[in-house]
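Quick notes on the structure that follows.
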Amino acid sequence: MSKKVTLVGAGLVGSLLSIYLAKRGYNVNVFERRPDMRKTKGYAGKSINLALSDRGLRGLEGVGIADEIRKIAIPMYGRFLHYQDGTTGYQPYGKEGQAINSVSRAGINMMLMDLAETLPNVKFNFEERCTGVDSVKGVSSFVNESTQAQTTINSDLIFGSDGAFSAARLSAMLGHDRFEYNQFYIEAGYKELVIPAGPNGEFLIEKNALHIWPRKSFMMIALPNIDGTFTCTLFMPFTGENSFEKLKTREEVKEFFDRVFPDAVPLMPTLLDDFMTNPTASLVTVKCFPWTFDDKLALIGDAAHAIVPFYGQGMNCGFEDCVVLNELIDKHKENWPAILNEYQILRKPDGDAVADLAIGNFTEMRDKTADPKFHLQKKIEAWFSEKHPDKWVPQYSMVTYRPDIRYSYALKRGKEQDEIMQKVMAAVPGIEEKWDTPEVEKLILQHL
């Protein structure tokens, strides 16, 4: 093999994968439809803050950049809940000291690109739109968005790392029989807003938490940035009673926010301008199979498994794809047909599972975090897990803090544990007063 690799897409996963492959001696050409974000004023791509957790950090540690990324990250140790009546609550994410990290999508992407470009065998090509991939011949075609010049490149391997609406995936879909593809949108869209920093750059609300304003059919969240600001995201249905279609004028927006997010409004001086200016975007889930074609083309990251952002696992799952692929290169000693076959067999169930987990967590964040019974259940689970760590790991901890546990197992085991908790909570009258007693402990153990 001459070791020529083409990557379609220079996002988070494509940039990380380019480093893994280049460090193994592959000559990597990365083609990206957008301009170089490091040279453009204002990043026009998706800018929802990302929650970097242990799976993603493992991917970054594999190329020696995890410590650098931690410098631009803010640890969030739990959910800070803002209720409509003005009261607040707090739910720790895991054990003491466990956190997820708020990072800027653009910041981490630019760091990965910078690291990749220190390697002599990586080349980025920007404003190059993929117009087709021939996985039989190993040929990729691109057109330059500015000059309209066309490029055709031959390579031994092609990776489609070009996101939820992947051109590489579309090309494979059109060129292969029995390609399974499922795409669906949730009823909610999102709009980004902002809480600015205080007069001296201070954080105006708790810095080390993910803030949630749960309102049953909709919610707002806020993640901290290192400059003292918070990136807020309003998630709500496109249509219906409390929906984006009802908020067309500044007056309607003001009345709505004053009523449903009264504690947030004083913190958001640019709320009305931001709401009227910033786009409303949709949220898609993509499941497909196969992920590899003709031993030369593979889909990775969102191109293979786009998910909604509510478990904070999109980037983490994509980075884990890179880790698994890297391990398989060692295992199969660069036998790429074997590598690609096992890659899709291993990762497809986990991609589907994390998509389902993300949809489920939307309901949890939006609705259940305001339910006292849900709080009690989480408290019992954390207590029981502390006493019996070998028998019970909360689903959130399995997904977020245990990269040794597959997403598919976390989904299955989480459902089993939830069924046990429902039975236990129904079987113990007045459990609110005796949730941490031997009676409750014994009952859970009987169900295991």
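What follows draws every value from the coordinates through simple rules; no lab data is involved. Because the structure is predicted, anything quoted here is derived from the model rather than measured. Cβ atoms come from the backbone with ideal geometry, glycine included; neighbour counts cover every protein chain shown.
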Here is the link list: Lys137/Lys348; Lys191/Lys254; Lys71/Lys191; Lys287/Lys348. Which ones come out longer than 18 Å on Cα distance? Lys137/Lys348; Lys71/Lys191
Which one of Ile226, Ile307, Ile212 has the biggest mean-square fluctuation once the chain is modelled by GNM with Cα springs under 10 Å? Ile226
Principal-axis tilt of helix 314-332 within the chain, Cα atoms, nearest 10 degrees: 50
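For a protection proxy built on the mean count of beta-carbon atoms within 10 angstrom, sort 284-291, 5-12 highest first, please.
Numbers: 284-291: 19.2, 5-12: 26.9.
Going by the mean number of other Cβ atoms within 10 Å, highest first, we get 5-12, 284-291.
Of the beta bridges DSSP finds with both residues in the chain, what % are antiparallel, to the nearest 5? Could the numbers behind the result be given before it?
Numbers: 50 of 69 bridges.
Just about 70 percent of them are antiparallel.
Suppose a student asked you for the relative contact order of the chain, using Cα pairs under 8 Å spaced at least 6 residues apart; what percent would you report? Let's see the in-between values first.
On the way: 822 pairs, mean separation 80.4, N = 448.
Dividing the mean separation by the residue count of the chain yields 18 percent.
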May I ask for the distance between the Cα centers of segment 305-379 and segment 381-448, given as a whole number of Å? 21
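Taking 0.36 nm per residue of separation and subtracting the Cα-Cα distance, what length does fully extending Ile153 through Asp330 add?
Numbers: separation 177, 0.36 × 177 = 63.72 nm, distance 2.70 nm.
Full-extension gain reported as 61.0 nm.
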With n ≥ 4 as the cut-off for DSSP H runs, can you work out [θ] at 222 nm for the chain, using -39500 (n - 2.57) per run divided by the number of residues, rounded to the nearest 500? -12000 deg cm²/dmol
Round to the nearest 10 and give me the degree value, 0 to 90, for the angle of helix 407-427's Cα axis relative to the longest principal axis of the chain. 10
In degrees, nearest 10, the alpha-carbon axis of helix 372-387 is tilted away from the dominant principal axis of the alpha carbons of the chain by 70
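Would you mind counting up the charge near Ile307? Only other residues with Cβ under 10 Å from its Cβ, with Lys and Arg at +1 and Asp and Glu at -1.
Numbers: positive: Lys287; negative: Asp302, Asp352, Asp356.
Surrounding charge for Ile307 is -2.
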Per-peptide average of other Cβ atoms within 10 Å, ordering 189-202, 27-40, 171-184 highest first: 27-40, 189-202, 171-184
Determine which aspartates and glutamates satisfy two conditions relative to Lys207: a Cα distance under 13 Å, and not lying fewer than 8 residues away in the same chain. Asp227
Under the Karplus curve 6.51 cos²θ - 1.76 cosθ + 1.60, θ = phi - 60°, whole-Hz ³J(HN,Hα) for segment 206-219, x wherever Gly or Pro sits: 3, 6, 9, 8, 8, 8, 10, 10, x, 9, 6, 8, 7, 7
